[in-house]
Amino acid sequence: MAGHSEILDNVRSGMIPAHIYNDNELFELEKKRLFSRAWVFVAHESEIPQDGDYVVRRVLDDSFIISRDSNGDVRALFNMCLHRGMQVCRAEIGNASNFRCPYHGWSYRNDGRLTGLPFHREAYGGEAGFRKNSQTLVPAPSLGTYNGLIFISMDPDAAPLEDFLGDFRFYLDFYTKQSRHGLEVRGPQRWRIKANWKIGAENFAGDMYHTPQTHTSVVEIGLFREPTAQKRKDGATYWAHSGGGTTYKLPPGTFEERMRYVGYTDDMITRIKGVWTTEQQRLVGEDGFMISAASCFPNLSFVHNWPRVEDGDPDGDQNDGTVLPFTSIRLWQPVSHNETEVYSWFVVDSAASAWFKKKSYKAYLMCFGSTGMFEQDDVENWVSLTNTAAGSMARRLLLNSRMGLLSDDRPVVEPLPLESFHGPGHAQVGYNESNQRELLKLWADYLELPEPSAAPTAPGTARPA
Ligand code: FES
Ligand SMILES: [Fe+2]
């Protein structure tokens, strides 16, 4: 294999060594240097609304219990018993005041505190032998939330989540803040695909170019009126700090008219206006851009589309009530260098009407999730790409990911000025691979960082580890 620095230099120039999409050695490096540091999404707070609720999630090989403890605080607890290392919680979701280890019966409160240790006195001589008091399941090194999205980082010295997300928060709000009442989520649906995790993240970050080709059948049956080549080309891509995405250009109109065009109801529009900033509203109302797919580095993606859930006039530019928007959060959880577990959640504003929630859920299921038509189209490409990237010839090919750049690195299309795109970061209209390059530049930067060090936890003993 070419040296790491040569691979990373090529990536930074927009020429992607094809084998990075199926390379075990690089995956080991990703584990050590990237997933050991970056903030990784694990759950949404609305999945654990009540005290005692929990879900079990992974970051690569590490299992965590994401629980709401009896004080209402969110915890991320390494799901490994302090005794002999058994997985403490085997269920995927539930409500519990305590978790009892199946192996020898140690038990822990839902905040992680060790409370039950059978035969503590007889077997250990009580506290003198094993200090039970103040022991807890090992917490995730860093925990942060934004709009109810729960992230953890394996780095105890991770910069605050807010700094990590940076200006991408402006765009995150479109997907995750549509009223003061927060989100309701359904799912996740989970399934495995034989594809490298980076491909999905790149695709959602900025691949407007694939939509008319890959999703031809979706356009043909009239499920979605937007993805024709012409309409996709009029959209803009944006990138801000840790993430970026794609947009569609909407027909002329006010903020309200454009929100109605994609299917938001008037009560929702009123609530949205109450929580989106002036600039966020201007992006839609003045600039005419509606956010669509996006990715937040490293492996979290979003999609917001507005398919036709009922038969209607497929060519009409005005919404006749048959179009409904949906939002999905998705996670590309790496299993190996050539396999990914996909997590796909449907999310909707909790204050939306029952009618809207039902229709929006239907819209989501038609498009994404394990049976979604967009999903099926996409994944076939990604599996095939991953397979082809495994061989020796792929090591001799640098994929050209420079769309939108001339050979001297000047842009094909000038970036949009702030008065035409009222969001932070940089944005440009038309087909380009700017966001895929931004995502992989971050990837390259992380792969050059040293592995973070952390002192081991040594429960029960006063002696240093
Ligand atoms: S491994 Fe959990 S109680 Fe022994
Ligand atoms: Fe797609």
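Laboratory data are not the source of any read-out in this text; all were calculated from the coordinates shown. Nothing here was measured: the structure is a model prediction, and the numbers come from that model. Cβ sites come from the backbone with ideal geometry, for glycine too, and all protein chains shown count toward neighbours.
Roughly speaking, what is the centre-to-centre gap between region 316-384 and region 207-255 when only Cα atoms are used, to the nearest Å?
Going from one Cα centre to the other spans 15 Å.
In nm, to one decimal, how far is the modelled label at Arg192 from the one at Glu310, with both set 7 Å along Cα→Cβ?
Going from the Arg192 label point to the Glu310 one covers 4.2 nm.
Could you tell me how far the Cα centroid of region 4-43 sits from the Cα centroid of region 157-176, in Å?
21
How long is region 331-465 along each principal axis, judged by its Cα atoms, biggest number first, in Å?
Result for region 331-465: principal-axis Cα extents of 62, 53, 40 Å.
Would you calculate the volume per residue, in Å³, of the smallest convex hull containing every Cα atom of region 139-297?
Per-residue hull volume (Cα only) is 152 Å³.
Could you work out the Kirkwood radius for region 41-146, taking every pair of different alpha carbons, averaging 1/r and inverting it, reported in Å?
14.1 Å is the Kirkwood radius here.
Using a 10 Å cut-off on Cβ atoms, rank the peptides 132-142, 431-441 from the highest mean neighbour count down.
431-441, 132-142
Which Cα, out of Gly112, Gln280, Tyr248, lies furthest along the positive dipole direction of the chain (beta carbon charges, K/R +1, D/E -1)?
With unit charges placed on the Cβ atoms, the residue in question is Gly112.
How would Trp306, Trp239 line up from fewest to most surrounding beta-carbon atoms within 10 angstrom?
Going from least to most buried by this count: Trp306, Trp239.
Arranged by the count of other C-beta atoms within 10 angstrom, fewest first, what order do Met268, Met86, Met393, Met373 take?
Ascending number of Cβ neighbours within 10 Å: Met393, Met86, Met373, Met268.
Enumerate the calculated ³J(HN,Hα) couplings along region 182-195 in order (Karplus 6.51 cos²θ - 1.76 cosθ + 1.60, θ = phi - 60°), each rounded to whole Hz, writing x wherever the residue is Gly or Pro.
x, 8, 10, 10, 10, x, x, 7, 10, 7, 10, 10, 7, 9
When a/c is below 1.5 the answer is rounded, else prolate if a/b is larger than b/c, else oblate, so apply that to region 353-420 with a ≥ b ≥ c taken from the square roots of the Cα gyration tensor eigenvalues.
Cα axes put region 353-420 in the oblate bin.
What's the local net charge at Asp51, with K and R +1, D and E -1, over the other residues with C-beta under 11 Å away?
Every neighbour counted, the sum reads -3.
With charges only on Cβ, +1 for K and R and -1 for D and E, what is the dipole size of region 41-146 about its Cα centre, in debye, rounded to 20?
Roughly 400 debye, rounded to the nearest 20.
Report the Rg/Rh value for region 279-386, based on alpha-carbon coordinates and the Kirkwood definition of Rh.
We get a ratio of 1.01 for region 279-386.
Which loop-located chymotrypsin sites (Phe, Trp or Tyr not before Pro) does region 100-176 contain, where loop means any DSSP state but H, G, I, E or B and the Cβ has at most 10 other Cβ atoms within 10 Å?
The qualifying sites are Phe119.
Order the peptides 284-296, 398-410 from the highest to the lowest mean number of other Cβ atoms within 10 Å of their residues.
Output ranking for 284-296, 398-410: 284-296, 398-410.
Restricting things to Cα coordinates, could you compute the convex hull volume per residue of region 166-447 in Å³?
Dividing the Cα hull volume of region 166-447 by its residue count gives 127 Å³.
Going by amide H atoms built from the backbone, whose H comes under 5 Å of the H on Gly235, apart from near neighbours?
Lys249, Gly430
Note down the magnitude of the dipole of region 166-447 about its Cα centre, charges +1 on Lys and Arg C-beta and -1 on Asp and Glu C-beta and zero elsewhere, to the nearest 20 debye.
My answer is approximately 780 debye.
How long is the gain from Glu127 to Ser13 if the chain were fully straight, where each residue apart is worth 0.36 nm and the alpha carbon distance is subtracted?
Gain on stretching Glu127 to Ser13: 35.1 nm.
Hey, what do the phi angles of region 131-139 turn into as Karplus ³J(HN,Hα) couplings, whole Hz, using 6.51/-1.76/1.60 and θ = phi - 60°, x for Gly and Pro?
Residue by residue, region 131-139 yields 6, 6, 4, 6, 7, 9, 3, 6, x Hz.
Ranked by Cβ crowding within 10 angstrom, fewest neighbours first, how are Leu117, Leu183, Leu385 ordered?
Leu385, Leu117, Leu183
Would you mind classifying region 1-90 by shape? Square roots of the alpha carbon gyration tensor eigenvalues, ordered a ≥ b ≥ c; an a/c under 1.5 is rounded, otherwise it is prolate if a/b is larger than b/c and oblate if not.
prolate
What are the lysines whose alpha-carbon lies under 18 Å from the alpha-carbon of Lys249, with same-chain residues fewer than 8 places away excluded?
Lys231, Lys233
List the cysteines in the chain whose Cβ has no other cysteine Cβ under 4.7 Å from it.
Lacking a cysteine Cβ partner under 4.7 Å: Cys89, Cys296, Cys367.
Can you pull out the trypsin sites (Lys or Arg not before Pro) in region 68-107 that DSSP calls coil and that have at most 15 other Cβ atoms within 10 Å?
Hits after loop and neighbour filter: Arg84, Arg90.
Using modelled amide H (1.01 Å from N, peptide plane; none on Pro or chain starts), what sits under 5 Å from the amide H of Trp191, excluding residues fewer than 5 places away?
So Trp191 has HN proximity to Val342.
Which residue, Ser97, Gly148, Ala394, has the largest displacement toward the positive end of the dipole of the chain when charges sit on each Cβ (Lys, Arg +1; Asp, Glu -1)?
Ser97
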